[in-house]
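The next block holds one structure in the form of structure tokens; read it before the comments.
The values are calculated or read from the model by the stated rules, or taken from the named source; none is laboratory data. Source: prediction; values computed, not measured. Please note: Cβ atoms are built from the backbone with ideal geometry, for glycine as well, and neighbour counts cover all protein chains shown. Only protein heavy atoms, including side chains, enter the accessible area calculation; ligands, DNA and RNA are left aside. Shrake-Rupley method; radii C 1.70, N 1.55, O 1.52, S 1.80 Å.
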Amino acid sequence: MNLGNCPIGAALNVTELTGLDALEVRIRELGIRPGQQVQVLKRVLFGRCIVAVAQQRIVLAPKLAACIAVHEMGESK
Amino acid sequence: MSCHESAASTTQTQQHQQTEALLIGHPNVGKSTLFNLLTGSHQRVINAPRTTVELSVGTWKLPGQTVRLTDLPGTYSLNPQSLDEEVTRDAVAGASPEDTAIVLLDATALASSLYLLGQVLRAGRKVVAGVTMADVGQKRGTLLNLAQLEAATGVRTVLLNPRRGTGAAQLAEALTVAPAPGPQAVAVEEHEDLFDWVAEVLTQVEQLEVPPSSRSDKIDRVLLNGWVGLPLFLAVIWATFQLTTTVAGPLQDWLESLVSGPFTEWVTTALTWVNSPEWLLSAVADGLLAGVGTVLSFLPLMVIIFALIYLLEDSGYLARVAVLTDRLLEGMGLDGRAVLPLVLGFGCNVPALSATKTLPHARQRLLTGLLVPFSSCTARLVIYLLLASVFFPGYAGTVVFGMYVASALVIIGMGWVLNRTMGRERKGTGNSNALLLVLPEYQWPRLVPMLQAIALRCRAFMVKAGGVILLLSVAVWLLMAVPTSNDYTFGDAETPAQHTVFGAVSESLSPVFAPAGFGDWHASAALITGFVAKEAVVGTLATTYGLEEPEDPAEPGDLGTLLRESFTESSGGHGAAAALAFMVFCLVYTPCLVAVGEQRRLFGGRVTALATGGSLALAWVLAVAVFQIGRLL
């Protein structure tokens, strides 16, 4: 499961970042990195998703969201 | 001056310190508002070396100390992802050990703010931190203890609210006691160490409650819904057009008539009174003051557009527009925010060029700034109406509509081409242009910072773009003032256009347009004045035929008859195709000299020269193509 296809509103844990190329460092710097708790608040036009990371709200293009693997909190990987 | 006075003066000079400080922080953290608050009008805009990235540099005057402040482009990190961020990284790396870095920490994004702070500390700079957005953070559940934050980071930290104008005194005091870099500056070497350091600081200072759904989240549920968000954005654009036509339009006309009427009359009377020659009267009235009138007439429009841009940016709404429209512009390498200047360009290209400043990266600003002149502004509409009513009387409306479609196609086509030829800011990867955006909180814009920002932007427009406009205005006057026949004198306003250098240049240029079907001096003369302003094209066409400009371009009377004859003759019997080619040329070539001035202010002389030359070449190629295809039909 990744941020592009996970349920909206669920508490998620980031497990892995893959294929993000040059943007991987920036995404990690913004707080989206393995072990971090995140939540997809909404998906908007053309699949852009709004992700809550602590108090920040980060918008990700679908191809970026698909590179961020997550699992629901409380579930085993 | 006595010895005592001289000694006292020297001591005072020695005591008055000059220091340098860099303002660093996330985008939308309040950096520029703080910069305007601290420096007031003591600021100027410079380009970072070898780039079109603008830096604001100003002086902050304190008792016994003058701080030279540099407002660096907003960034989330010193690992740059754009040219703007590279400028910030280089400024931090190149600062001297005595310079102070003022790092603004966003209380609503404390983790990533601390990460940036850690990077600046690692660079070994003297650092003072300022926490902004604390009120918003508190509503979201972050209760910050400044003393704990200072203890955990080892950095002197103050609370700032630039929008309300508070915290400046505390920041000034902190600057005077900012310590040399602490031991943690060398302790955090790698990314992971830095993340660990941030986590450790956070455990010491932040009391986290479960983040509630904020007011911004609730608003976003509505505004980021495509069915609501897109119509709302169109309504905002519509309201802007309404404001520019119903409010700015009459004010523009009034200012221009004030300068060209009573003011010009007063100046020429004064010049006549001191026995000035005729040519000087003409130079001042038709060259210099005409230019001043043009610059001043744009002021109401710029105030409205700058106010709108400030409101959209400061409220946080513009970032939402970027989210909604991003997909539409992705293919051109632009993010959704570029839709604002591109759409505004259909009203007037000048404020649309100014609106490119809302874009976060230099490449996007430049790319959009090169595309805006292809937006068909309202001044071009008069040309379309005239020629469409003369050459396509049965379906003039469809032709005019087709010109707007052509404008959109040129923007899309050139955007596609430029995106592939201009090179990327970061070495290309499949994801480098994908949308990654931190949404700012919605905020109520505040009046004083808004008025201050509008005044500063208008001043920059008047001073920088105004100079170029005046110069070009006088140059065009000179072309019209020099007679080519001994029957007329220099600067005589009564000289017919064909007996001036302007007429001679128009005549010599006309063969260039022969392949496009309008190789006629009336047309090339109109294109020359069209470079000054597209509003002048119809008037010049009328003047060169010895007629008055028609009140309604859709009912041109004798002008229509003469135009039909000229275009039919110059095109070998394909007048309609030539008229269409002329309209396409007017759509694509340089919109007006005010736009040239603004382009030069924003992107520099070299880019402007290339853009002007490029648009002329493209206009010629497209006009020739339209005519050559049209004559076959």
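For this structure, a couple of remarks:
- Here the condition is being of a type in the set (A, V, I, L, M), crowded, with 18+ Cβ neighbours inside 10 Å and either part of a loop (DSSP other than H, G, I, E, B) or out of contact with any Pro (no Cβ under 8 Å at 6 or more places or on another chain) (or both); of B:514, B:455, B:493, B:526, it holds for B:526 alone.
- Taken over region A:30-46, the criterion of being open to solvent by less than 30 Å² (accessible area, probe 1.4 Å) and within 9 Å of chain B (Cβ to nearest Cβ) is satisfied by A:30, A:31, A:44.
- The C-beta contact set for region B:266-285 (first residue closer than 15 Å to residue B:475 by Cα and hydrophobic (A, V, I, L, M, F, W, C), second residue open to solvent by 30 Å² or more (accessible area, probe 1.4 Å) and not in a helix (DSSP H, G or I), distance under 8 angstrom, 6+ apart or interchain) comprises B:279/B:489; B:279/B:490; B:279/B:492.
- Of all residues in region A:11-29, those satisfying the criterion of being open to solvent by 20 Å² or more (accessible area, probe 1.4 Å), away from every other protein chain (no Cβ under 12 Å) and touching a Gly at 6+ places or on another chain (Cβ under 9 Å) are A:13, A:15.
- Of the candidates B:170, B:138, B:148, the single residue that is over 26 Å from residue B:360 (Cβ atoms), open to solvent by 10 Å² or more (accessible area, probe 1.4 Å), assigned to a helix (DSSP H, G or I) and within 14 Å of another protein chain (Cβ to nearest Cβ) is B:138.
- Filter result (at pLDDT 85 or above, part of a helix (DSSP H, G or I) and either surrounded by fewer than 18 Cβ atoms within 10 Å (Cβ to Cβ) or more than 14 Å from chain A (Cβ to nearest Cβ) (or both)) within region B:220-249: B:221, B:222, B:226, B:227, B:228, B:230, B:231, B:232, B:234, B:235, B:236, B:239
- With respect to being without any contact (Cβ under 8 Å) to a residue 24 or more places away in the chain, at the interface with another protein chain (Cβ under 10 Å from one of its Cβ atoms) and part of a strand (DSSP E or B), residue A:50 fits the description.
- Which listed residue is within 14 Å of chain A (Cβ to nearest Cβ), open to solvent by 10 Å² or more (accessible area, probe 1.4 Å) and either in contact with a helix residue (DSSP H, G or I) (Cβ under 6 Å, 6 or more places away or on another chain) or without any contact (Cβ under 8 Å) to a residue 40 or more places away in the chain (or both), from B:111, B:107, B:123: B:111
- Residue in region B:533-554 that is part of a helix (DSSP H, G or I), more than 25 Å from residue B:285 (Cα to Cα), open to solvent by less than 40 Å² (accessible area, probe 1.4 Å) and hydrophobic (A, V, I, L, M, F, W, C) present: no
- Filter result (closer than 12 Å to residue A:30 by Cβ and more than 7 Å from every other protein chain (Cβ to nearest Cβ)) within region A:53-63: A:53
- Among the criteria (1) aliphatic (A, V, I, L, M); (2) more than 7 Å from chain B (Cβ to nearest Cβ); (3) open to solvent by less than 50 Å² (accessible area, probe 1.4 Å); (4) in a loop (DSSP other than H, G, I, E, B), the one residue A:8 does not fulfil is (3).
- The one condition from (1) at pLDDT 85 or above; (2) more than 14 Å from chain A (Cβ to nearest Cβ); (3) not in a helix (DSSP H, G or I) that residue B:437 does not meet is (2).
- Verdict on residue B:409 being open to solvent by 50 Å² or more (accessible area, probe 1.4 Å), within 22 Å of residue B:617 (Cβ to Cβ), at pLDDT 90 or above and not in a loop (DSSP other than H, G, I, E, B): yes
- Residue B:82 being in contact (Cβ under 8 Å) with a residue 24 or more places away in the chain, within 23 Å of residue B:201 (Cα to Cα), within 14 Å of another protein chain (Cβ to nearest Cβ) and open to solvent by less than 20 Å² (accessible area, probe 1.4 Å): no
- Residue under evaluation residue B:493, criteria (1) out of contact with any Gly (no Cβ under 8 Å at 6 or more places or on another chain); (2) modelled with pLDDT of 80 or more, criterion not met: (2)
- Checking B:533, B:554, B:523, B:579 one by one, the residue that is more than 21 Å from residue B:396 (Cβ to Cβ) and touching a residue at least 24 places away in the same chain (Cβ under 8 Å) is B:533 and no other.
- Test for residue B:101: is it of a type in the set (Gly, Ala, Ser), away from chain A (no Cβ under 14 Å) and in a helix (DSSP H, G or I): no
- Number of the exception - residue B:61 against (1) closer than 17 Å to residue B:168 by Cβ; (2) open to solvent by 10 Å² or more (accessible area, probe 1.4 Å); (3) within 14 Å of another protein chain (Cβ to nearest Cβ): (3)
- Looking at B:608, B:590, just one residue is buried (at least 16 other Cβ atoms within 10 Å of the Cβ) and in a loop (DSSP other than H, G, I, E, B), and that residue is B:590.
Let's see how each residue does on (1) surrounded by fewer than 11 Cβ atoms within 10 Å (Cβ to Cβ); (2) of a type outside the set (Asp, Glu); (3) modelled with pLDDT of 90 or more; (4) part of a loop (DSSP other than H, G, I, E, B):
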site: B:11; (1), (2), (3), (4): yes, yes, no, no
site: B:18; (1), (2), (3), (4): yes, yes, no, no
site: B:21; (1), (2), (3), (4): no, yes, yes, no
site: B:55; (1), (2), (3), (4): no, yes, no, no
site: B:66; (1), (2), (3), (4): no, yes, yes, no
site: B:76; (1), (2), (3), (4): no, yes, yes, yes
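- The numbered conditions (1) outside any helix (DSSP H, G or I); (2) under 24 Å from residue B:344 (Cα atoms); (3) among the aromatic types (Phe, Trp, Tyr) are all true for residue B:585 except (1).
- Within region B:85-98, the set of residues being more than 10 Å from chain A (Cβ to nearest Cβ) and within 30 Å of the chain's Cα centre (by Cα) comprises B:86, B:87, B:88, B:89, B:90, B:91, B:92, B:93, B:94, B:95.
- Test for residue A:67: is it surrounded by 20 or more Cβ atoms within 10 Å (Cβ to Cβ), in contact (Cβ under 8 Å) with a residue 24 or more places away in the chain, more than 27 Å from residue B:197 (Cα to Cα) and within 12 Å of chain B (Cβ to nearest Cβ): no
- Single residue of B:352, B:362, B:322 found to be open to solvent by less than 30 Å² (accessible area, probe 1.4 Å) and in contact with a Lys or Arg (Cβ under 7 Å, 6 or more places away or on another chain): B:322
- Residue B:70 being of a type in the set (S, T, N, Q), closer than 21 Å to residue A:25 by Cβ and modelled with pLDDT of 85 or more: no
- When residue B:375 is tested against (1) open to solvent by less than 10 Å² (accessible area, probe 1.4 Å); (2) more than 22 Å from residue B:231 (Cα to Cα), just one condition goes unmet, and that condition is (2).
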